[in-house]
Amino acid sequence: MALKMVKGSIDRIFDKNLQDLVRGVRSHREDEAKYISSCIDEIKQELKQDNIAVKANAVCKLTYLQMLGYDISWAAFNIVEVMSSSKFTYKRIGYLAASQCFHDGTDVIMLTTNQIRKDLSSPNQYDTGVALTGLSCFVTPDLARDLANDIMTLMSHTKPYIRKKAVLIMYKVFLKYPESLRPAFPRLKEKLDDPDPGVQSAAVNVICELARRNPRNYLSLAPLFFKLMTSSTNNWVLIKIIKLFGALTPLEPRLGKKLIEPLTNLIHSTSAMSLLYECVNTVIADCCVCVKTDTCPRPPQLCVQKLRILIEDSDQNLKYLGLLAMSKILKTHPKSVQSHKDLVLQCLDDKDESIRLRALDLLYGMVSKKNLMEIVKKLMVHVDKAEGTTYRDELLTKIIDICSQSNYQYITNFEWYISILVELTRLEGTRHGHLIASQMLDVAVRVKAIRGFAVVQMATLLDNTTLLAGSGQHKSICEVLYAAAWICGEFSEHLEDPVHTLEAMLRPKVATLPGHIQAIYIQNAAKLFAAVLNGQQGTPDCQTMQESSQLLIDRLPLFVQSADLEVQERASCILQLVKFIQKLQHKEVEVGEEVTALFAGELNPVAPKAQKKVPVPDGLDLDAWINEPPSESESEDEKPVAVFAEEELRHARPHHTEVDEKELARRREARKQEQANNPFYIKASPTSQKDSTGVEHIPVVQIDLSVPLKVPGMSTSDKYLKLEEERRQRERKERGKKEKKKKKKREKRSGMGRRHDSGPESEEDIAPAHMVDIVTEEMPENALSSDDDEKDPNDPYRALDVDLDKPLADSEKLPVRAHRPTNILKSPADDGEVQEVPKEPKKKSKKEKRDKEEERKVRLLWLRCPNGEIQCTCTKSSKHKKKKQKKDKEKEEKKRKKQHGHSGDREGEESVQNGTLEEEPLPVCDIQGNLQNGSQVVVSIIFENKSTSFLKSMEFNVLDSLNSKLQRPEGSGPHDGLTVPFQLPPGVSNEARFIFSVQSIVMPQRLKGTLTFIVKADDSSTHEKLDFKLHFTCSSYLITTPCYSDTFAKLLESADLKGTSVRLQEVSLPFHHLLAKICFHHHFSVVERIDSCASLYSRSIQGHHVCLLVKYAHQTVTIDAKCDESSLLGNVLEEIKKTFSQS
Amino acid sequence: MIKAILIFNNHGKPRLIRFYQYFAEDMQQQIIRETFHLVSKRDDNVCNFLEGGSLIGGSDYKLIYRHYATLYFVFCVDSSESELGILDLIQVFVETLDKCFENVCELDLIFHMDKVHYILQEVVMGGMVLETNMNEIVAQVELQNRMEKSEFVFISRM
């Protein structure tokens, strides 16, 4: 009942809560998008209200919309507002929304640091818990650094609920801020012994995650974990530990032996299948390791038997896991798995795709020369059945993987393999056309003996272009034509009817293929043409030659008009060539040889790593500059033009003058040398091994090549399977008959130098149908043999690879950060010249502190009055350009004061000056109103680099308030920072200006901002940031405007102005100083002065008049003021008061 | 580590999504669609593990899911998690929901997405398993709900 009442009152407060929104979305199925956009408009209105309950409700609804796929990052600031509510209910909503949509790129995250720190130290454990949960989802490197110490403290919190969360989140902190790992690790280790099982489990969890990435560093913890394993009863913890041991045993074989016993105990005692499975898994890992070191206590056969039982289980999950574990054994004990081939093949027929995929993985390791064809045949059947699924694509890649593994080790008959590939091209809608194509190319190039067969097959494929290009939306399969065209062209000597193929390659339909394939078609048509010419050489009948030239001349113009540049270029080039040849033909000149010479030489495959393996010659430093780069700085005074030009000349001179004959000869020699060493330079005599394996040595299998590809029923590869079986039988018989001959044959075989390793012993006697020479990929001479290029430098876990056993050094402490220096501006007792935003952690060893300071010591300098406020001046001395360096500043001030002092005498002159002021931009410093625009303020900031490092990529950003906004260039987002248009070498300062638009000027305000920049040291660069505050005083909105005494009098008489007064005690300044001070700091001009009485005037950027009457007597100053905006006046007077109370 | 937790119904409508790695909203929706596509075409009597969700990624990751009446609970995890362990965890999570909502059904999840999130937060935190003991989870959730209620009473009296 009470709850209902509560609910009712809540409903009244909110226009629409989450439930209403959900209901609304459900009832607007037809126009959901429209309904939601209207809801978002409502939410925007709600977010504008001050009531935090309304805001929280709106944010809650946004979280729901985020789930539906709507971007809610625009409300990030409101989410932060809700997060900082003091009510748990709202805080929780805020943190939930933040955890759903904040990420590293969310800029308001930097505003949350203090709020999160406050929540972490909240007396209410659920405030802390909610903050930890939220933080775990959006922790950034900055947050991690700033909060690491707070979280570490929480690891020893009295409440286990907080402890376990704090322990768990440390992993995220480590990832984002790796420096924290070593200082925090001892305490993390302590938590393994925590009395609360939840905390213990969390600690195990974190350490296991860490150890998984860098197991070596955690070997020393093995005894501790061993103890835990035997004592813990929490299955979840046990699973984690056992998994951890699985990662550790490969590094320490002795551990494996020790583990076997407790693991087998667990296997027998536990009833939890999950634990049992992990135990078996780790035992397998142990055995695998043991075998490597030949100390295995028992054969892995036992494990395999266990797994077989799992696989045969009716529970699909166990079947899956059994296969998964089996594949682990496969890596080290392929033979013991091979005996279960029947089981694996059976799993291929399973209705469950996951299980089929696992079985496929296993197959990869199970093939041998003996069973390859059989297995692939089975897979082909599956391919036919699995039409239109991703599983089919998976099958296709697996077939190719299996066949091509270890350099085609298991393929005994390449004709069979080519026909398999050709069959695969008939699959519609496959994504792997490219893969098939590259296989075709690879086989045709590297297996010389197969070229003849391959070419004939490819020619047939080309003939079927229309079929290929027409079928399916997936264009991928036509990649095969790329390979086909290239093979036919390159090995055209094997073609039976080159003229026919040439015709096929130039059909108009070809123009519908993708550009790169067309280009290959044209290039290879030219090769074919050369082959035709060459073939007809010497025959009296030159009709074929003329026909084919005519064919090219007729067909090529179509391609000359192609939209693809490559096609166009090649086509027009070849067209001209053919026209020229035709001319020669008419003169009956023999051109065949010349044309063939265009395509002479053999192309060999180059290993993918060849480029990397080219050794760097002695004395060549690839990192050294050839020409020193010009200084990166953009400011002119740092880049003297003279030096740059001089350098240019020095380099340029030898280029033009001293190239004499000798030099030329030397260079030519060097170039030849270079070409000889260049693996990519195609030489006249290829270095590849030319085997003399003649075609006559190959036991030729009888094949009817005219079999069309699309015969219904029996597919071509099946035929090979049968043939192969017959052949093997025949061979077996022959072997029995003539042993002597076989011996001879073997000798011969070894003499021919087969390159690939023969399979296992038992397969030795299966002779391949083709004596193949698999051409290896070319490598540069004296290639480096190192294989250390596999490590990924961007691996985020690499940073966590640190030695954890080394004792902590003094410097290794987590940064303890002071609160942001909000008090700097509040207690303006400091000298006010330089504002440095201190950011240094307090507790630090001296040495590190110094280091850090050096890094961070970028100071934001701005000119400030002695009272500590950011000063706003509107100088009338617009003529001189000022340098706002620190040392110049005092002089500058004096100058101005002087001028103000005299201003009373020069009213007329000044007003004229003022007129010109409005047109030309003022030389501004600090915060200053913009005369041209009543709502703009210009802020000038001097950046001085006090460190010894180079600073670059500075970005200035201010968090806009409702009232004041940083003006950003068009197109950038509302939270984007502005790039500071210069870089700072050490010790240099420079000034940048930023424009703010201001709506209301009656109140002073402070804006928070950050400056981010990159500190570039010799060997490293770090990204740093400085927080600062900008203080917009009301005085900064005033513009010194002169006023005539009669106008002033009229103003005072008018009823619009409201008056107020202020009394200042104990002012010991002479009266003219006092006036100068008011004029200087608060932008007034003196209208009239009579003895110790003066009237002053100023105007705000929005046109408010401010009139002062200052009286001075007995060290007391009375200021009577009038203004048409009372709050503005009040604030200005407050500021004047401050100015004098400090002096 | 758990990379993502998705709950959607038999028609692929998301009921709760929780990514522990950042993806933009459109990418998230694409992942949900793809995952639904993969999971929904599987029979109920096949295994609960699935590989090859291309979007969320990498060979190290797999989907572990359970299907309850109208809802799919899908966890995307890497190889450091035990497959059967995660299956148990899903069961724990669902039983917790059942306790907290008293005979949970899809409608509870539809209208109280926030509450489901709060419960999940007590089970998994930042992609790591926080608590597997159901009584502990329920106790913490209830304590927090009580706190919320006391605040609401306070607010409504104002």
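The values are calculated or read from the model by the stated rules, or taken from the named source; none is laboratory data. Predicted model only: the values in this text are computed from it and were never measured. Cβ atoms come from the backbone with ideal geometry, glycine included; neighbour counts cover every protein chain shown.
Is it the case that some residue within the stretch A:541-551 is among the β-branched types (Val, Ile, Thr), within 18 Å of residue A:490 (Cα to Cα) and either out of contact with any Cys (no Cβ under 7 Å at 6 or more places or on another chain) or loosely packed, with under 14 Cβ neighbours inside 10 Å (or both)? Don't jump to the end; show me each part of the working.
In the first step, residues of the stretch A:541-551 are kept if they are among the β-branched types (Val, Ile, Thr); the result is A:544.
Of the ones still in play, those that are also within 18 Å of residue A:490 (Cα to Cα) are none.
Scanning the stretch A:541-551 turns up no residue that is among the β-branched types (Val, Ile, Thr), within 18 Å of residue A:490 (Cα to Cα) and either out of contact with any Cys (no Cβ under 7 Å at 6 or more places or on another chain) or loosely packed, with under 14 Cβ neighbours inside 10 Å (or both).
Assess whether residue A:150 counts as being more than 9 Å from every other protein chain (Cβ to nearest Cβ), in contact with a helix residue (DSSP H, G or I) (Cβ under 9 Å, 6 or more places away or on another chain) and among the charged types (D, E, K, R).
So residue A:150 fits the description; yes.
When you look at residue B:118, is it hydroxyl-bearing (Ser, Thr, Tyr), farther than 20 Å from residue B:140 by Cβ and touching a residue at least 12 places away in the same chain (Cβ under 8 Å), yes or no?
Numbers: hydroxyl-bearing (Ser, Thr, Tyr): yes; farther than 20 Å from residue B:140 by Cβ: no; touching a residue at least 12 places away in the same chain (Cβ under 8 Å): yes.
Taking the combined requirement at face value, the residue does not satisfy it.
Among the residues of the stretch A:1028-1048 satisfying the criterion of being among the small types (Gly, Ala, Ser) and surrounded by 13 or more Cβ atoms within 10 Å (Cβ to Cβ), which is nearest to residue A:998 (Cα to Cα)?
Top of the filtered list is A:1036.
Applying the selection to the stretch A:378-408, what residues are surrounded by fewer than 17 Cβ atoms within 10 Å (Cβ to Cβ), more than 31 Å from the chain's Cα centre (by Cα) and assigned to a helix (DSSP H, G or I)?
Result: A:378, A:381, A:384, A:385, A:405, A:406, A:407.
Which numbered condition trips up residue A:1102, out of (1) in contact with a Lys or Arg (Cβ under 9 Å, 6 or more places away or on another chain); (2) farther than 16 Å from residue A:1061 by Cβ?
The one condition residue A:1102 does not meet is (1).
Would you say residue A:391 is touching a residue at least 60 places away in the same chain (Cβ under 8 Å) and farther than 17 Å from residue A:334 by Cβ?
no
Do we have any residue at all in the stretch A:348-357 that's charged (D, E, K, R), part of a loop (DSSP other than H, G, I, E, B) and closer than 16 Å to residue A:410 by Cβ?
The answer is no; no qualifying residue exists.
Please enumerate the residues belonging to the stretch A:30-76 that are touching a residue at least 40 places away in the same chain (Cβ under 8 Å) and among the aromatic types (Phe, Trp, Tyr).
A:64
Can you tell me which of A:173, A:206 is within 12 Å of chain B (Cβ to nearest Cβ) and in contact with a strand residue (DSSP E or B) (Cβ under 8 Å, 6 or more places away or on another chain)?
Answer to the selection: A:206.
Evaluate the following for residue A:173: is it among the aliphatic types (A, V, I, L, M), surrounded by fewer than 23 Cβ atoms within 10 Å (Cβ to Cβ) and at pLDDT 90 or above? Break it down stepwise before answering.
Details: among the aliphatic types (A, V, I, L, M): yes; surrounded by fewer than 23 Cβ atoms within 10 Å (Cβ to Cβ): no; at pLDDT 90 or above: yes.
No.
Exactly one condition in (1) closer than 24 Å to residue A:62 by Cα; (2) in contact with a Leu (Cβ under 9 Å, 6 or more places away or on another chain); (3) part of a loop (DSSP other than H, G, I, E, B) is not met by residue B:42; state its number.
In the conditions (1) closer than 24 Å to residue A:62 by Cα; (2) in contact with a Leu (Cβ under 9 Å, 6 or more places away or on another chain); (3) part of a loop (DSSP other than H, G, I, E, B), residue B:42 misses (1) alone.
For residue B:28, work out the one condition from (1) within 11 Å of chain A (Cβ to nearest Cβ); (2) within 14 Å of the chain's Cα centre (by Cα) it doesn't fulfil.
If we test residue B:28 against (1) within 11 Å of chain A (Cβ to nearest Cβ); (2) within 14 Å of the chain's Cα centre (by Cα), just (2) comes out false.
Just the residues that are farther than 11 Å from residue A:192 by Cβ and free of Cβ contacts under 8 Å to residues at least 24 places away in the same chain, please, taken from the stretch A:207-230.
A:223 - this is the single residue of the stretch A:207-230 that is farther than 11 Å from residue A:192 by Cβ and free of Cβ contacts under 8 Å to residues at least 24 places away in the same chain.
Out of everything in the stretch A:574-594 that is among the hydrophobic types (A, V, I, L, M, F, W, C) and modelled with pLDDT under 80, what residue ends up being surrounded by the most Cβ atoms within 10 Å (Cβ to Cβ)? Walk me through it before giving the result.
Let us first name the residues in the stretch A:574-594 that are among the hydrophobic types (A, V, I, L, M, F, W, C), namely A:574-575, A:577-578, A:580-581, A:584, A:589, A:591.
In the following step, the residues that additionally are modelled with pLDDT under 80 were identified as A:589, A:591.
Details: A:589: 10, A:591: 20.
It comes out as A:591.
Among (1) at pLDDT 90 or above; (2) buried (at least 16 other Cβ atoms within 10 Å of the Cβ); (3) at the interface with another protein chain (Cβ under 9 Å from one of its Cβ atoms), which single condition is residue B:9 missing?
(3)
Of all residues in the stretch B:132-148, which are at the interface with chain A (Cβ under 7 Å from one of its Cβ atoms) and more than 19 Å from the chain's Cα centre (by Cα)?
Result: B:144, B:147, B:148.
Per-residue answers, yes or no, for (1) within 14 Å of chain B (Cβ to nearest Cβ); (2) in contact with a helix residue (DSSP H, G or I) (Cβ under 8 Å, 6 or more places away or on another chain):
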position: A:88; (1), (2): yes, yes
position: A:95; (1), (2): yes, yes
position: A:106; (1), (2): yes, yes
position: A:110; (1), (2): no, yes
position: A:114; (1), (2): no, no
position: A:122; (1), (2): yes, yes
position: A:138; (1), (2): yes, yes
position: A:144; (1), (2): yes, yes
position: A:164; (1), (2): yes, yes
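Quickly run through the stretch B:100-130 and pick out the residues that are assigned to a loop (DSSP other than H, G, I, E, B), facing chain A (nearest Cβ under 10 Å) and either under 15 Å from residue A:95 (Cβ atoms) or in contact with an Asp or Glu (Cβ under 6 Å, 6 or more places away or on another chain) (or both).
First pass over the stretch B:100-130, keeping only residues assigned to a loop (DSSP other than H, G, I, E, B): B:102-105, B:112, B:122-123, B:126-127, B:130.
Cutting the leftovers down to facing chain A (nearest Cβ under 10 Å) gives us B:112, B:122, B:126-127, B:130.
Those that are assigned to a loop (DSSP other than H, G, I, E, B), facing chain A (nearest Cβ under 10 Å) and either under 15 Å from residue A:95 (Cβ atoms) or in contact with an Asp or Glu (Cβ under 6 Å, 6 or more places away or on another chain) (or both): B:122, B:126.
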